[in-house]
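**Student:** Structure in structure tokens, see below.
The values are calculated or read from the model by the stated rules, or taken from the named source; none is laboratory data. None of the values given here were measured: they were computed from a predicted structure. Methodologically, a virtual Cβ is constructed for each residue, glycine included, from the backbone with ideal geometry; neighbour enumeration extends over all protein chains shown. Accessible surface is based on the protein model in full, side chains and every heavy atom, while ligands, DNA and RNA are left aside. Shrake-Rupley method; radii C 1.70, N 1.55, O 1.52, S 1.80 Å.
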Amino acid sequence: MNNPEQIMARYLLGELSESEQADLEQRYFADSAVLDRLAQIECDLMDDYARDRLSPQMRERLEQMYLASPDRRARLRFSEALVTKLDRDASRAVVARQSETASWWQKLFVPFIVGQRAFAFSIALVLLLMLLGSAWLFLRTSRLRNELAQTRATEAAREQHERELQQQLIDEQARNQQLIAELDRERAQPTPEIGIAPPKNTAPAFVSLLLVASGVRGAETKSPTLSIAAGTQEVRIELKTAENEYQSYQLELHALGGKAIFDRKKVKPTITKSGANFGFSVPASRFTSGDYILTLKGVIPSGEVEDVSKSLFRVEKK
């Protein structure tokens, strides 16, 4: 087999990587000729398996892939039965031709009476099997195309939702910056009353930060910055996520490369139309200037903990 056919055979035997599998699936969904060739190679593999033409390694690999699936196991057994039937009919035809003890009238009429019936039955059986195989291939192709369309639609909806959450984060950060700027302007204005001392602490009682969960592989595309003015007492953090798949969660906040400053278990989120929200407060005195990472973990029914997201942000204390 040439290189493309080897790749298709390795795909059927489950020997390709995920990226190679995805590339081949894209090709045969887009080109029916590639799908037809893949079906032909699968038929050849099952025929070689039934006739014991495969190497021990390929035979073992094929059995692992096909005997584990009821649908594939049935097609493999069907191929074995078909090969056995065709080989038996061919053997009978050879024996009939080599027989020299039959009488002259048997030699004259038996091929027409018995041979023609067996041959006609074999041809009819082969045609029926080809028709069933074509119908199965058509149904399988239609199902795979529908699954691909559904997967693409789901992926598009997920990307749209992530864009909306990212825009919400950008709007919230802009609003926070605007509030901070207004607060700075208020501080810069002189007091209109003479003789009254300025307040000793003009810092806000708390500052807030909105984060959007973006998966375990990384934090935000652009890490947000949290400014904590001197005298601020509390930092309120809200984490938004698009999914709510766990019975309970754990939250852990620690400086990058340092110790945890916040750790809470058995956390229940607030459910919204867009997903789930996690809100909590941390004393501002626990923060220092630097990078921090907020880790959201989900607890599965067995009690084990899985990382759901990691969100990175920077703190600047003034």
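**Student:** So which residues in the stretch 141-156 are within 13 Å of the chain's Cα centre (by Cα) and under 15 Å from Asp31 (Cα atoms)?
**Tutor:** Once the filter is applied, which keeps residues that are within 13 Å of the chain's Cα centre (by Cα) and under 15 Å from Asp31 (Cα atoms), the stretch 141-156 yields only Leu148.
**Student:** Within the stretch 266-318, which residues are of a type in the set (A, V, I, L, M), within 14 Å of Val235 (Cα to Cα) and in contact (Cβ under 8 Å) with a residue 60 or more places away in the chain?
**Tutor:** From the stretch 266-318, those of a type in the set (A, V, I, L, M) are 267, 271, 276, 282, 284, 293-294, 296, 299-300, 305, 308, 312, 315; that's our starting set.
Then keep just the ones that are within 14 Å of Val235 (Cα to Cα); that gives 282, 284, 294, 315.
Selection gives Ala284, Leu294, Val315.
**Student:** Please go through the stretch 263-294 and pick out each residue that is farther than 15 Å from Val308 by Cα and open to solvent by less than 20 Å² (accessible area, probe 1.4 Å).
**Tutor:** If the condition is that a residue be farther than 15 Å from Val308 by Cα and open to solvent by less than 20 Å² (accessible area, probe 1.4 Å), then Phe280, Val282, Ala284, Phe287, Gly290, Tyr292 are the ones that fit.
**Student:** Please report, ordered by residue number, the helices (runs of 4 or more DSSP H) entirely within the stretch 11-79 with at least 2 residues that are more than 28 Å from the chain's Cα centre (by Cα) and closer than 21 Å to Leu132 by Cα.
**Tutor:** Working: elements: 18-30, 32-50, 56-66.
Passing ranges, in order: 32-50.
**Student:** Could you say whether any residue in the stretch 129-137 is surrounded by 10 or more Cβ atoms within 10 Å (Cβ to Cβ) and farther than 19 Å from Asp71 by Cα? Walk me through it before giving the result.
**Tutor:** So in the stretch 129-137, the residues surrounded by 10 or more Cβ atoms within 10 Å (Cβ to Cβ) come out as 129-137.
Retained after the next criterion (residues that are farther than 19 Å from Asp71 by Cα): none.
No, every residue in the stretch 129-137 fails to be surrounded by 10 or more Cβ atoms within 10 Å (Cβ to Cβ) and farther than 19 Å from Asp71 by Cα.
**Student:** Looking at (1) in contact (Cβ under 8 Å) with a residue 60 or more places away in the chain; (2) more than 32 Å from the chain's Cα centre (by Cα), which is the one condition that is false for Ala124?
**Tutor:** Ala124 satisfies every listed condition except (1).
**Student:** Filter the stretch 237-265 for residues that are free of Cβ contacts under 8 Å to residues at least 24 places away in the same chain and either in contact with a strand residue (DSSP E or B) (Cβ under 7 Å, 6 or more places away or on another chain) or among the hydroxyl-bearing types (Ser, Thr, Tyr) (or both) and give the result.
**Tutor:** Across the stretch 237-265, the qualifying residues are Ala260, Asp263, Arg264, Lys265.
**Student:** I would also like to ask the following. Any idea which residue in the stretch 203-240 is farthest from the chain's Cα centre (by Cα), counting only those that are among the hydroxyl-bearing types (Ser, Thr, Tyr) and at pLDDT 90 or above? Step through it out loud before you land on a result.
**Tutor:** Keep residues of the stretch 203-240 that are among the hydroxyl-bearing types (Ser, Thr, Tyr), which gives 208, 214, 221, 223, 225, 227, 232.
Then drop every residue that is not at pLDDT 90 or above, which leaves 208, 225, 227, 232.
Numbers: Ser208: 34, Thr225: 32, Ser227: 38, Thr232: 44 Å.
Filtering the stretch 203-240 for residues that are among the hydroxyl-bearing types (Ser, Thr, Tyr) and at pLDDT 90 or above, the one farthest from the chain's Cα centre (by Cα) comes out as Thr232.
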